[in-house]
Structures are given as C-alpha cells and as structure tokens.
C-alpha cells in the first residue's frame, strides 16, 4: 500500500489531534466543564471567531496587497477557528483548562457547517472562482472523530475508571506529542521550498492578525483572567488541520497549501510565546 503526501499529513494530524484531546479529557470532569461554561458569558465568541476574524483577515490582506495565494491561505486559517492545541496551551499556562476543553470540543460541530460558508463569502471575491470543494459530512466526521469524541472519551474514562485514566495519561501524551512533532517536521520538509517563498510581509500580516485576534478575545471576555487567556489564545490560534483539509480538497498542488502551513507554524510559535509570557509574567491580581 502506498500513501501520498496529503494522506500522510492527514494521518499524522489525526493521530496527534486525537491523542492531545484524549489526554486533555483525562484531566477534566463533566462538573468542571459545566461550571466553567456557566461562569463565563460566551455568546459573543461565535461572531468574534466566524465573522470578525475572517473579515479582519480579508481586510488586512487587501490593505497590505498580499499575493492571491498567500491571502487565500491566511483567509482559510481565519475561517477555521479555535485550534485543538488550545487545551495544551491552557495546560502549559495553567489557565482555565475546563473552558479550553469545552470550547475545543464544541467548535468542530460549528466549524463543519460555518467554515464552508465563511470560506465561500471571503474567498470568492479574492479568487473569483466557482464554488469551492467542501464535503461537510466528511469534514464533520474528521473533526468530531479527532477532537470531540477523544475529548469526551477521556472525560468518561476519568469519571468511570480514574485509575485506568491515570495510567493512560502519560503514554498517550508522549505518543500524541511525538505524532504532532513528526507531522510538523514532515509538512515543513515537504513544503519547505514553497514555505521559504512566503516572505516576511505575509508573515508579518499573519502575526498582526493573530495578535489583534488575541486582544479582541482577551478584552471582550469576562473578568476572570484565566478564562480571558483561553478565549484570547483560542481566537488567535486557528485550526490548522481544518484549514489544511479545505486547502488540500479545494486547491491541491497549489501554493495555497504551503501558505496555510507557513502561517500555521507561525501561529503555533506565537501561541507558545503567549504561554511563556502568561506563565512567567502573569498580571497582578485585580489587573487586566
């Protein structure tokens, strides 16, 4: 059996995502998730992620006059909200892990239906093409099976068989983190020549979009700083796996796929910087 590059990327990504979300679930209980959702008013999170961020991305790409392929890659990421690595960032930063897990589990359902609509509205004027290729059913299956179901399974095992969950936690973390690292290295090597041509201006625009999104999510949330961090990081870090699925399906073999990868790697780096800042330079109590 032979595997092409896109298949290998998808398999490694699914293993990494499923493992990361499963181990996140092993650290949570249903009571913690429900309490976190009740304590935070999050009705604005959907329009922020599905309307404001994509509109901001489209505006920035036009303001800075980015090439079409680079602009399309950025817009694809903007239309795919809340990266599955957000719970990992929340755990590393000692923020609200329950809220991170709840939102990360919820967004795949919404993204499977809303992301195609957002892409149609934002990419059509940019690319002047016919309808993009979306299979909502397959995207929903992939997202739910690699994000929502592993997260829920981890929580169930934590609730019903805590001793088993404790034994599974570390091995699953090692496997999923290794798969994620291999996936990023593989994609970077395969797409290196195209990524290298992305250019500093496009990366600057993506970084600007990410930081504006972070502050929008942070300052529009409630008073709890740990929840603010989660929503800010979740708004800034887009779902690279979903954006890659759309890019590979609609624009195979084009620079758009490499643009998604290059900008996605930048987002991961910025997310780690936010984690480091939050972990070691936390704001004083009572400040914002």
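Taken together, the values in this text are just the output of simple stated rules run on the coordinates, not laboratory data. In this text, all values refer to a predicted model and were calculated from it rather than measured experimentally. Positions of Cβ are generated from backbone atoms using ideal geometry, with glycine treated the same way; all protein chains shown enter the neighbour counts.
Under a point spin-label approximation (7 Å from Cα along Cα-to-Cβ), what is the residue 62-residue 192 distance to one decimal in nm?
Using points 7 Å along Cα→Cβ, the separation is 3.8 nm.
Counting pairs of alpha carbon atoms under 8 Å apart in space and at least six apart in sequence, what relative contact order in percent does the chain give?
34
Against the longest alpha carbon principal axis of the chain, how many degrees, from 0 to 90 and to the nearest 10, is the axis of helix 5-26 turned?
Computed tilt is about 20 degrees.
Using 1/(1 + (r/R0)^6) with R0 = 30 angstrom and r between the beta carbons of residue 185 and residue 35, what's the FRET efficiency to the nearest 0.05?
Computed FRET efficiency for residue 185 and residue 35: 0.20.
Please check which bits of region 206-246 a label hung off residue 273 would reach, taking the label as a point 7 Å along Cα-to-C-beta and the cut-off as backbone N under 12 Å.
206-212
Between residue 208 and residue 110, what is the label-point separation in nm under the 7 Å Cα-to-beta-carbon projection?
2.7
Considering the Cα trace of the chain, what is its radius of gyration and what is Dmax, both in angstroms?
18.1, 59
Sort 212, 46 by Cβ crowding within 10 Å, fewest neighbours at the top.
46, 212
Helix 149-160 against the longest principal axis of the chain: what's the angle in degrees, Cα atoms only, rounded to the nearest 10?
So the helix axis and the longest Cα principal axis differ by about 0 degrees.
222 nm [θ] for the chain, helices only, -39500 (n - 2.57) per DSSP H run of 4+, per residue, to 500?
The helix-only estimate for the chain comes to -24500 deg cm²/dmol at 222 nm.
Indicate the gyration tensor shape class of region 152-223 (rounded, prolate or oblate), computed on the Cα atoms with a ≥ b ≥ c the square roots of the eigenvalues: a/c under 1.5 is rounded; otherwise a/b larger than b/c is prolate and the rest oblate.
It is oblate, given that a/c is not under 1.5 and a/b is not larger than b/c.
For the residues 274, 166, what sequence is obtained by ranking on other C-beta atoms within 10 Å, fewest first?
Starting with the residue having the fewest Cβ neighbours, the order is 166, 274.
Order of 20, 76 from fewest to most other C-beta atoms within 10 Å?
The order, fewest Cβ neighbours first, is 20, 76.
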